[in-house]
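Colleague: Dropping the structure in here first, questions after.
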Amino acid sequence: MEIEDYIRQKGKRLEKTSRSIRDYQVFDFNYVPERPLMRDEVRPIADAMLRYLRTGISNNLLIVGSRGCGKTMLVRYLAKSLERQEGRLFFYINCRHHNTSFKIMAELLDVRPRGYGLDELWAQFQARFGKRSVFILDEVDLISEKDRRKDLLYLLSRSDRNYMVVMLSNNPRFHQQLDNSIKSTLQPEIIHFRNYNADQVMEILKQRARLGLYHYSAGDLAQLAGLTYKNANADIRVGIKTLYLCATEPQAGVDANFERARRDIVADLIHGLNDKNLLILKAAASVPDGHVKPVYEFYRRLSAAMHETPFSYVYFYSNLSYLQSIGLIMLVSTKVRKAYTNQIQLLFDAQVLGQVWQARFQ
Ligand SMILES: Nc1ncnc2c1ncn2[C@@H]1O[C@H](COP(=O)(O)OP(=O)(O)OP(=O)(O)O)[C@@H](O)[C@H]1O
Ligand SMILES: [Mg+2]
């Protein structure tokens, strides 16, 4: 095909797309809706925030729940609406991108992380952030293993400024992994976000379709909501992406667009894993029946070959539970002879892993 033909065809397609999309923003995963769907989980979070703002006594929270169940969106929404009344109080940070105590503090202070000692940075931090400051630590379980003591959590919870900390995580075991000294001062109230049910998935996607598209088919919407609920563990992101694909590539059909959306989102997820988790996943994909012990042995050998220091078995296991919490694997207890052992099942197409692996390690 000539370049000119390509440009002409592509231009036509884009023009057609822009005729069906009313508002592109609505399909951005970071979009915070004006009126999110109400759910029971809102109350304890809003109550804790309001209590803190009134009394100044901190009431730390740990919000856990699976992928795409609305944790980040809801906390950002509440922060936004409370700030409308009370002024700047909330400070959001994603620990995936700033993954040590040092980097988080430096980011919040807007300074370069080099050239300071932790104490110095902390002194600046306390001078900068007064009483009545709420720190939202999103994806808090992604603070690096290098930052073993998680100094920031310790400092925040001990500060006489009574900061409030709101932590978000996929990992229901995050709290158990914390040091006792942190646990005893942080004492977060734990709030479990349930997955959306089929009606809620439908309601949220319908709202997006109304805001984002000029026209859509009610039948397609019902079908894609059903697929999102049943086959994507109610991860709203998969639904939103499918909705977008159905508007831009209608000829592919709902089923194919759903599969593509799911694949893209799994690819993003695997892409975002750190090297150690990628090694664990690779080992799990390489051992045929996926029994945990042989997978661990394989993982140790693979790590050595890649010049990475492997985790101890305990850390390895807690990373398996992380991979399970983000929906990439499932741990199934099976009986072998007379004993029970855990078997790892992959919940995605191994081809995607192969591509990321090649880009990272080969
Ligand atoms: N109640 C809701 N109303 C409208 N949109 C929602 C609602 N809940 C979630 N969404 C949308 O679904 C998408 C996923 O939500 P969100 O990013 O908050 O998930 P999460 O629980 O933080 O997931 P992860 O654990 O992967 O970070 C977002 O685009 C969000 O806007
Ligand atoms: Mg999130």
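Colleague: Could we say that Val32 is in contact (Cβ under 8 Å) with a residue 12 or more places away in the chain, within 16 Å of ligand 2 (Cβ to nearest atom) and not assigned by TED's automatic domain parsing to the domain that holds Lys150 here?
Modeller: Spelling it out, Val32 is indeed in contact (Cβ under 8 Å) with a residue 12 or more places away in the chain, within 16 Å of ligand 2 (Cβ to nearest atom) and not assigned by TED's automatic domain parsing to the domain that holds Lys150.
Colleague: Given (1) touching a residue at least 24 places away in the same chain (Cβ under 8 Å); (2) not in a loop (DSSP other than H, G, I, E, B); (3) not charged (D, E, K, R), where does Tyr6 come up short, assuming only one miss?
Modeller: The failed condition is (1).
Colleague: What number of residues within the range 102-135 are under 27 Å from the mean Cα position of the chain (by Cα) and more than 15 Å from Asp147 (Cβ to Cβ)?
Modeller: 11
Colleague: Among the residues of the range 306-341, write down those that are assigned to a helix (DSSP H, G or I) and loosely packed, with under 10 Cβ neighbours inside 10 Å.
Modeller: Correct list: Val314 only.
Colleague: Between Gly70, Gly65, which is touching a residue at least 12 places away in the same chain (Cβ under 8 Å), in contact with a strand residue (DSSP E or B) (Cβ under 7 Å, 6 or more places away or on another chain) and within 16 Å of ligand 2 (Cβ to nearest atom)?
Modeller: Of the residues listed, the single one that is touching a residue at least 12 places away in the same chain (Cβ under 8 Å), in contact with a strand residue (DSSP E or B) (Cβ under 7 Å, 6 or more places away or on another chain) and within 16 Å of ligand 2 (Cβ to nearest atom) is Gly65.
Yes or no, residue by residue, for (1) acidic (Asp, Glu); (2) without any contact (Cβ under 8 Å) to a residue 24 or more places away in the chain; (3) not assigned by TED's automatic domain parsing to the domain that holds Trp357:
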{"site": "Asn231", "(1), (2), (3)": "no, no, yes"}
{"site": "Leu243", "(1), (2), (3)": "no, no, yes"}
{"site": "Arg260", "(1), (2), (3)": "no, yes, yes"}
{"site": "Asn277", "(1), (2), (3)": "no, no, no"}
{"site": "Val295", "(1), (2), (3)": "no, no, no"}
{"site": "His307", "(1), (2), (3)": "no, yes, no"}
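Colleague: Can you tell me which condition Leu142 does not meet? The list is (1) over 23 Å from Leu61 (Cα atoms); (2) within 12 Å of ligand 1 (Cβ to nearest atom), and all the others hold.
Modeller: (1)
Colleague: Right, here's the next one. Against the definition (over 20 Å from Gly68 (Cβ atoms), modelled with pLDDT under 90 and aliphatic (A, V, I, L, M)), how does Val332 come out, yes or no?
Modeller: When the stated conditions are applied, Val332 does not pass them.
Colleague: Which of (1) away from ligand 2 (no atom under 16 Å from the Cβ); (2) touching a strand residue (DSSP E or B) at 6+ places or on another chain (Cβ under 7 Å) does Asp138 not meet, given it meets every other one?
Modeller: (1)
Colleague: Being over 17 Å from Leu331 (Cβ atoms), modelled with pLDDT of 90 or more and surrounded by fewer than 17 Cβ atoms within 10 Å (Cβ to Cβ) is the filter here, so list the residues in the range 343-362 that pass it.
Modeller: Once the filter is applied, which keeps residues that are over 17 Å from Leu331 (Cβ atoms), modelled with pLDDT of 90 or more and surrounded by fewer than 17 Cβ atoms within 10 Å (Cβ to Cβ), the range 343-362 yields Gly354, Gln358.
Colleague: Give Gln200, Gln187 a once-over and let me know the one that is open to solvent by 10 Å² or more (accessible area, probe 1.4 Å), assigned by TED's automatic domain parsing to the domain that holds Asn94 and more than 16 Å from ligand 2 (Cβ to nearest atom).
Modeller: Gln187
Colleague: Can you tell me which residues in the range 222-259 are outside any helix (DSSP H, G or I), of a type in the set (Gly, Ala, Ser) and open to solvent by 20 Å² or more (accessible area, probe 1.4 Å)?
Modeller: The answer is Gly253, and nothing else.
Colleague: If you take the residues in the range 158-180 that are without any contact (Cβ under 8 Å) to a residue 40 or more places away in the chain and open to solvent by less than 50 Å² (accessible area, probe 1.4 Å), which one is farthest from ligand 2 (Cβ to nearest atom)?
Modeller: Looking at the filtered set, the residue picked out is Ser159.
Colleague: Continuing with this model, one more query. All but one of (1) open to solvent by 50 Å² or more (accessible area, probe 1.4 Å); (2) within 12 Å of ligand 1 (Cβ to nearest atom); (3) over 28 Å from Leu14 (Cβ atoms) hold for Lys206, so report the exception by its number.
Modeller: Here Lys206 clears every test but (3).
Colleague: Name the residue, out of Glu34, Glu4, that is away from ligand 1 (no atom under 16 Å from the Cβ) and at pLDDT 90 or above.
Modeller: Numbers: Glu34 fails: away from ligand 1 (no atom under 16 Å from the Cβ).
Result: Glu4 is the single residue among Glu34, Glu4 that is away from ligand 1 (no atom under 16 Å from the Cβ) and at pLDDT 90 or above.
The values are calculated or read from the model by the stated rules, or taken from the named source; none is laboratory data. Predicted model, so just to flag it, every value in this text is computed and none were measured. Methodologically, a virtual Cβ is constructed for each residue, glycine included, from the backbone with ideal geometry; neighbour enumeration extends over all protein chains shown. Note: accessible area is taken over every heavy atom of the protein model, side chains too, but ligands, DNA and RNA are not part of it. Shrake-Rupley method; radii C 1.70, N 1.55, O 1.52, S 1.80 Å.
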